[in-house]
Amino acid sequence: MATQKQREANRLNAQKSTGPKSEEGKSVARMNAYTHGLTAQTIVIGDEDPKAFDALRAQLEAEFNPRPGLEADLVERLAVNIWRMRRMPVFEAAIIRLGSEQAASNKRQGHNLDSLFDPDLEEVPFEDIALGLIRNQGMLRNLSRYETSLLNAYNRTLQQLIALQERRESKEAEAKVVDLVAF
């Protein structure tokens, strides 16, 4: 149990620690809980190119020509799902590479699989890749679940968008026929 003196010291220290003040510090602190980015609120993360995401979104907008509102929201959601799905091979390769490097480094050093990996390792034999896969199968399984979830979300969103646009086009076609008949 803390003494009165310790509680007072803790209170004084807590008043000094009020978080980052500068915009740069706040930006860094905002990413403190960042893990892998597959479910991130921020769409473009790490060293990804925001212009590439904007180009993807523009391409989808040109392809689907969404009306403002729900159609535009669905096209945005498509862009987000595609962007996140494109991360999957990058993460998968990184997991395999790091696991393989760990396995090869551990084998070279005569350690078990729990020691630290050697980032200087350049070539990795297939045997070490297999050990890396075994070591990281839980991470790879999680990655596969994220990928399945994203693919399902993408497919649902695409179906919703197509159905919405078909319904709109049908109503517009009916309105044109009514206008022609009334003419």
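Apart from one condition, L133 fits all of (1) under 30 Å from D49 (Cα atoms); (2) aliphatic (A, V, I, L, M); (3) modelled with pLDDT of 80 or more; the exception is (3). Scanning region 70-79 for residues that are at pLDDT 65 or above, open to solvent by 40 Å² or more (accessible area, probe 1.4 Å), assigned to a loop (DSSP other than H, G, I, E, B) and under 20 Å from L150 (Cα atoms) turns up nothing. Taking each residue of region 3-23 that is at positive phi and looking for partners that are aliphatic (A, V, I, L, M) and modelled with pLDDT under 80 with beta-carbon atoms closer than 8 Å, six or more apart or interchain, yields G19/A29.
For region 42-65, give me each residue that is open to solvent by less than 30 Å² (accessible area, probe 1.4 Å) and touching a residue at least 12 places away in the same chain (Cβ under 8 Å). Selection gives F53, L56, L60. Of the residues making up region 59-107, those that are among the polar types (S, T, N, Q) and within 29 Å of R156 (Cα to Cα) are Q59, N65, N81. In region 105-126, is there at least one residue being surrounded by 17 or more Cβ atoms within 10 Å (Cβ to Cβ) and modelled with pLDDT of 70 or more? Checking region 105-126: at least one residue is surrounded by 17 or more Cβ atoms within 10 Å (Cβ to Cβ) and modelled with pLDDT of 70 or more. Output yes when any residue across region 37-55 is aromatic (F, W, Y), within 19 Å of the chain's Cα centre (by Cα), at pLDDT 65 or above and within 30 Å of W83 (Cα to Cα), and no when none is. Scanning region 37-55 turns up at least one residue that is aromatic (F, W, Y), within 19 Å of the chain's Cα centre (by Cα), at pLDDT 65 or above and within 30 Å of W83 (Cα to Cα).
The values are calculated or read from the model by the stated rules, or taken from the named source; none is laboratory data. Every value quoted in this text rests on a predicted model; they were computed, and no experiment measured them. Counting neighbours? That spans all protein chains shown, and the Cβs are built from the backbone with ideal geometry, glycine included. Ligands, DNA and RNA are excluded from the accessible area calculation, which covers all protein heavy atoms including side chains. Shrake-Rupley method; radii C 1.70, N 1.55, O 1.52, S 1.80 Å.
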